[in-house]
Every structure is written in C-alpha cells, then in structure tokens.
Amino acid sequence: MPQTVADIIAVLEEMAPGDLAESWDNVGLQVGDPSAKLEQVLIALDPTLAAVDAAAEGRVDHQLHAARLVEESFKDDLLRGRHESNGGNL
C-alpha cells in the first residue's frame with residue numbers, strides 16, 4: 001500500500017504514463033512535497049473550493065484530482081487565499 005505522495009505518483013504513472021498526456025495536460029504533482037506521508041486522501045474529479053476547504057479544515061492532508069487546474073495563477077490564488085483565510089493552515 002502506498003505510504004507517500006511519491007508512492008501514489010509511481011502507481012499512477014504505471015497506470016497512465018505521463019508521456020501519453022496531451023500537451024495541455026498538467027501531469028504529476030502540481031502542489032506539495034513528494035516525500036510527504038499520506039494519512040487521509042480526498043479523491044475527486046474537480047479541484048473545487050470544497051475540496052480545498054476539506055484540507056484547510058484538517059479533514060484530509062492530500063487531494064488527488066482527475067481534472068486539471070484551469071490556470072497556474074488559479075492554483076496560486078486558490079492556495080494563497082485559503083491559506084490566509086485559515087490562519088496560515090493549509
């Protein structure tokens with residue numbers, strides 16, 4: 001059973017190799033530390049505010065999404081906004 005983010009990435013790469021992705025796909029780890037330990041993982045199709053809130057509230061420590069973030073700036077804004085509004089916890 002996978003125990004780190006890198007372990008999950010390795011399993012996903014076996015199932016869906018990144019070199020098969022389209023040029024516009026964001027493949028692999030987008031935010032985070034590959035050596036981080038996994039405790040609670042939220043799996044969702046889309047990276048919604050509800051999913052980010054679950055992490056900010058401590059209900060999950062990692063998220064796995066099938067859909068890509070729309071823009072790089074959205075990723076930064078979303079994480080910065082949630083981080084600041086939750087007293088630095090994300």
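The values are calculated or read from the model by the stated rules, or taken from the named source; none is laboratory data. In this text the structure is predicted, and so the values were computed from the model without any measurement. Glycine gets a Cβ as well: all are built from the backbone with ideal geometry, and neighbour counts include every protein chain shown.
Values for this structure:
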| read-out | value |
| --- | --- |
| Looking only at region 1-22, and only at residues there that are in a loop (DSSP other than H, G, I, E, B) and at pLDDT 85 or above, the one that is farthest from Ala66 (Cα to Cα) | Gln3 |
| Options Val52, Val27, Val31: the member that is modelled with pLDDT under 80, part of a loop (DSSP other than H, G, I, E, B) and not hydroxyl-bearing (Ser, Thr, Tyr) | Val31 |
| Looking only at region 46-69, and only at residues there that are under 20 Å from Met15 (Cα atoms), free of Cβ contacts under 8 Å to residues at least 24 places away in the same chain and in contact with a strand residue (DSSP E or B) (Cβ under 7 Å, 6 or more places away or on another chain), the one that is surrounded by the most Cβ atoms within 10 Å (Cβ to Cβ) | Gln63 |
| Given (1) surrounded by 14 or more Cβ atoms within 10 Å (Cβ to Cβ); (2) of a type in the set (S, T, N, Q); (3) within 21 Å of Gln3 (Cα to Cα), index of the condition Ser35 fails | (1) |
